[in-house]
1. Can you tell me which residues in the range B:386-417 are under 30 Å from B:Asn303 (Cα atoms) and either of a type in the set (A, V, I, L, M) or more than 11 Å from every other protein chain (Cβ to nearest Cβ) (or both)?
2. Counting only residues that are more than 27 Å from A:Phe224 (Cα to Cα) and part of a loop (DSSP other than H, G, I, E, B), how many does the range A:51-86 have?
3. Among the residues of the range B:183-206, count how many are in contact (Cβ under 8 Å) with a residue 12 or more places away in the chain and small (Gly, Ala, Ser).
4. Please specify each residue of the range B:264-309 satisfying the condition of being facing another protein chain (nearest Cβ under 8 Å), aromatic (Phe, Trp, Tyr) and in contact (Cβ under 8 Å) with a residue 24 or more places away in the chain.
5. For the range B:403-432, what are the residues that are polar (S, T, N, Q) and modelled with pLDDT under 85?
6. Between A:Asp189, A:Asp223, which is charged (D, E, K, R), modelled with pLDDT of 85 or more and under 13 Å from the mean Cα position of the chain (by Cα)?
7. If you scan the range A:254-278, which residues turn out to be out of contact with any helix residue (DSSP H, G or I) (no Cβ under 9 Å at 6 or more places or on another chain) and within 10 Å of another protein chain (Cβ to nearest Cβ)?
8. Residues of the range A:85-130 being touching a helix residue (DSSP H, G or I) at 6+ places or on another chain (Cβ under 7 Å), modelled with pLDDT under 90 and among the polar types (S, T, N, Q), which ones?
Amino acid sequence: MSVTNIKTYRRNVKMKTTLKVIAQQVILAILALFWLIPIIWLIANSFSTQTGINIRQFFPEQWTLDNYYNLFFNTDTVANFPKWFENTLIVAIFSAIVSTMFVLMVSYAMSRMRFKMRKPLMNFGIILGLFPGVLSMIAVYFILKFMGLTDHLAALVIIYSGSSGLGYLVAKGFFDTVPKALDEAAKIDGASEFMIFLKIIMPISKPIIVYTVLVSFLAPWVDFVFARIILTSNDTNGFTVAIGMYNMLDRNLINTYFALFCTAGVVVSIPISLLFVLMQSYYVEGVTGGSTKG
Amino acid sequence: MNKIKSFFLNIPTKCKAGLNKTGSFFVRIGKEIAGVGKDFVSGDIFVKASLFVMGIGFFRRKQFVKGFLFLLLQFGFIYFILKVGAPNLAKLGTLGTVEYQQIWSDELRMNITNDYDHSLKILLFSLISIVIILAYAFVHFRNIKVQRQLQQDEKDGKTIPSFITEVKIFFDSKFHVTLLSLPVLGIIILTVIPLIFMILVAFTNFDQYHYPPLKLFTWVGLNNFKLLFQTGSSSVTYAYAFRRVVSWTLIWAFFATFLTYIGGILLALLINSKYTRWKKMWRTLFVITIAVPQFVSLLLVRNFFATQGIVNTLLANWGVTDWLIQNGFVSSSLSYIPFLTDEVWSKVMLILINCWIGFPYVMLITTGVLMNIPKDLYDSARIDGANKFQVFRKITMPYMLFVTAPYLITSFIGNMNNFNVIYLLTSNRITSDQLLANANASDTDLLITWLFKLTQDYYNYKMASVIGIVIFVISAIFTLLAFNYTIKSDKESRFQL
């Protein structure tokens, strides 16, 4: 091959690559647009002057910020977003504290300690996981009712964190990867199991602690069905964000509150999506149980 | 296929092994009780007395705090049994006989409520009592063993540990007990007891016609199971609805799992291809769709595709609706596309909308695994002259299937119970199938949403419980099958050698 031939060949390859790159970007852009259409519609509607559902155009004819003002400062008996936000925040904080403790305790014990009941307990946990959560929640409702706790925020904290110990597998996967040699060295130095847990393992477990806190903090924000079973009263002051927003779309209310629903959707989605995007790598570890490590 | 066959062929041997295990479990309990008996006979007066007063032996060995705590426990137990346990357990056989009544009282000159039985309370408190009695019996009998050991230690001149030393053990060699007790207690109260309760309800007639406190309910044996499995016997068509709902649940779970799985992997490949620039941006754009809470995005999508919704309006303006009507995809009596109202349309739409959520989700999860596929596998394939499709089919997919098999199983079961997608999108649709409607079900209902509707809208707890048990059985079968089929190595031992 002569020098010029090689040059044309190289230029051709480069052209081909550039074309492929452009093609890929175009395909991805089309797909992304398709995927984001509902989200764009959500945001567009939150700025609409039209409050009802009878929308004839994708983008609103007139744009306004009134919905955002009304959402926070103009509450009524149907839409009381600040109160819902406050309720959900309280529930989320408390259930995050309790759940994180429970999950860390169970996963640590199951991962790093050996005792007779370990395997039976783990198998039992798997069996419990095969029952639909809704089923037990129906009975939990009766238990809470006899305790006079339904429609109380404490009830929500209890249901979100009480049996959180069952979700120990992700954290266990993390503890499994911490070398045993650390414990043994500490044991030789005379540390008790408690000291090893507190002073050796916990300080190096920050990633999994952060993950567990975030996951349990998010649960009350995104859960719909459990809150629906436990909160049976019609008093909107006791609602969580999810229940309140579901209620806004009631057949009789949707024509007045649809734009407000979209506004609330935007407001509540921003922090949640930010958290989610930030912790996506932890999240993946969680779902695949560390199998990405290969 | 062979493996699946051998799985079923193995069931009898497995059952036998299971029975043997249960058998040996009872033998062990028997031995344990015999050991306690021996300890009781050979023990001194304090050991014998601790059969009746639990803490007494500890006082003899000068473990006063422990003795006091055990005493307190025993009194607490006796108080509980007298106050709650006995009255409820006595009525467990009938679940109550005295119905709620308002009686005119001449003294007070007003209606007063009689001393009625509350079936639900009787069942629940009996269950709690049984759990507490079993736990207490365990502690009580073990205590005799402990007392006998203490007597022996004292005779041998060993030092009896002080209370503080014993507490310290719970932070050292018995630390797992400290760690596990609270979480396990939470699980027992909020998962185990409720589940047993619901299983028991499946054998009663607890429904809207037997709803305490106004009415009693009682045991009906296997009647509810017969209702769900036997066709034709009654006007309420649970059996028909059950068959319809189960088959849709399985079809749904299959498509929801595998379409999103393959689509998600393709999306991940596209984003991570060497021709893609700004990978992080593309990934984030897709992830945003799943980062928005489902109750927001799904409720929005429901209105997006509503009968008078924006999509229908736009498609009508563009003439797509007319074209669909002319070609018979939409019934000519309609002027809109029945996205979430027609049976077939809504089922297809549900699966498609689930893809909308599922692709980014699977993309997110599988990206890491895809990056980990050894590069030399691809290189050798290319040298052998494999084209892109062959590489995907013969290298990428088998590798992915192997690594993400556990995820696929959990995802299949998760989709079977995918409450959010189905309920938030189609909870307000009305079925045209009267037989389904008679059983309070709808064409797009999964078992889990049917169960939810039965309890929340119709107070039909008896049938909901039976359905819950069925969901458990189906999940268990799939889990067993899949674990048998795919998982060979125990992961934890790979890390902890």
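The values are calculated or read from the model by the stated rules, or taken from the named source; none is laboratory data. The model shown is predicted, which means the values in this text are computed figures rather than measured ones. Glycine gets a Cβ as well: all are built from the backbone with ideal geometry, and neighbour counts include every protein chain shown.
1. Correct list: B:Phe412, B:Ile413, B:Asn415, B:Met416.
2. 9
3. Residues in the range B:183-206 being in contact (Cβ under 8 Å) with a residue 12 or more places away in the chain and small (Gly, Ala, Ser): 1 in total.
4. B:Phe286, B:Phe295
5. Selection gives B:Thr404, B:Thr410, B:Ser427, B:Asn428, B:Thr431, B:Ser432.
6. Testing whether each residue is charged (D, E, K, R), modelled with pLDDT of 85 or more and under 13 Å from the mean Cα position of the chain (by Cα) leaves just A:Asp223.
7. Within the range A:254-278, just A:Ile270 meets the criteria.
8. A:Ser111
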